[in-house]
Structure formats: C-alpha cells, structure tokens
Amino acid sequence: EMCIRDSSSIAGVNLVLTFNPSVLQLTDVRKAALTSGSFTLDHSNLPGVLSVTLSAAEPLGSPGGDLILVDFSIVSGVEEITRIGLPYVKLSGQYGENLKWSNSVTKAGGQVTISGTTCVNAPWHSYK
C-alpha cells in the first residue's frame, strides 16, 4: 500500500515501481480508499517495472490516506530476498502544476517518504 499524509492539494500522482520479475510477479494494482471516488487509475507493467498514474479533476482535499494497493506474489520455488524500488514520483495539483518544489524523496529503513507527506509502508520493501 502507498499512503499520503497530507493530500489536500493533490489531483494527480505519477510513480514508477521497480522489482525483480524473476522473484516477484505483479498480481494486482487498484485504487485504495482515498482515491476510490473520482480518481482514475491507469497502469502499465513491463517486466520489472510498474508505471502508475492517478488523476482527478479536483484535488483530494482530505488529510490523507491510502492512494493505491499493489499486490505481488512470489515466483514459485524462489527463496531470495528482493527489493521494490521507487525511482520516480510526481505529485500534481488540480491544474497540472508540478508540486515537486514542495516534495523531496528520502529512503531509509525500508520506508519511502516524500517531503514528509507521502509514505510507502515498510512491510513490502523486501520479500523472501
């Protein structure tokens, strides 16, 4: 799951997740509670790369919550630890303005934080 703590001005999210396709198989990508209403979800999956776009005409206007849910399964017979990377994140406002100026990505201890407003929960950063 990927969550955002302050989503009041967010109307668009673009992100890329990377993973080892010989260890993990992507099984599902879906909107979570926060984006289940007016947001549209598009995604593409190439081997080892998941690109996700969420967009809406109006900003979320809420204090935060879960943006997307991504499910993986472990490839049969594999007993290997792997990581899921987040090399790209872009947050946009209602009129497409890039909110990058107010967001920076930090990665520590299995958690990804974007300027203190967005997080990826630690339990899914590695799999065995």
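The values are calculated or read from the model by the stated rules, or taken from the named source; none is laboratory data. Given the structure is predicted, the values throughout are model-derived calculations rather than measurements. No Cβ is skipped: glycine too gets one built from the backbone with ideal geometry, and neighbour counts run over all protein chains shown.
Looking across segment 39-83, the residues that are more than 19 Å from PHE19 (Cα to Cα) and out of contact with any Leu (no Cβ under 9 Å at 6 or more places or on another chain) come down to ALA56, ALA57, GLU58, PRO59, GLY61, PRO63. Taken together, the residues in segment 71-110 that are of a type in the set (Val, Ile, Thr) and modelled with pLDDT of 90 or more amount to 2.
If only residues of segment 83-99 that are polar (S, T, N, Q) and assigned to a strand (DSSP E or B) are counted, the one that is surrounded by the most Cβ atoms within 10 Å (Cβ to Cβ) is SER92. Residues of segment 1-31 that are hydroxyl-bearing (Ser, Thr, Tyr) and surrounded by fewer than 19 Cβ atoms within 10 Å (Cβ to Cβ): SER8, SER9, THR18, SER22, THR27. Scanning segment 32-55 for residues that are buried (at least 16 other Cβ atoms within 10 Å of the Cβ) and at pLDDT below 90 yields ALA32, LEU34, THR35.
Looking only at segment 11-27, decide whether some residue is closer than 19 Å to GLY96 by Cα and of a type in the set (Ser, Thr, Tyr). First the steps, then the outcome.
Keep residues of segment 11-27 that are closer than 19 Å to GLY96 by Cα, which gives 11-16.
This time we only want the ones that are of a type in the set (Ser, Thr, Tyr), so: none.
No; the residues of segment 11-27 include none that is closer than 19 Å to GLY96 by Cα and of a type in the set (Ser, Thr, Tyr).
Pairs linking a residue in segment 84-110 that is under 25 Å from ASN20 (Cα atoms) to a residue that is at pLDDT below 85 and part of a helix (DSSP H, G or I), with Cβ atoms under 6 Å and 6 or more positions apart or on different chains, are GLY110/ALA122.
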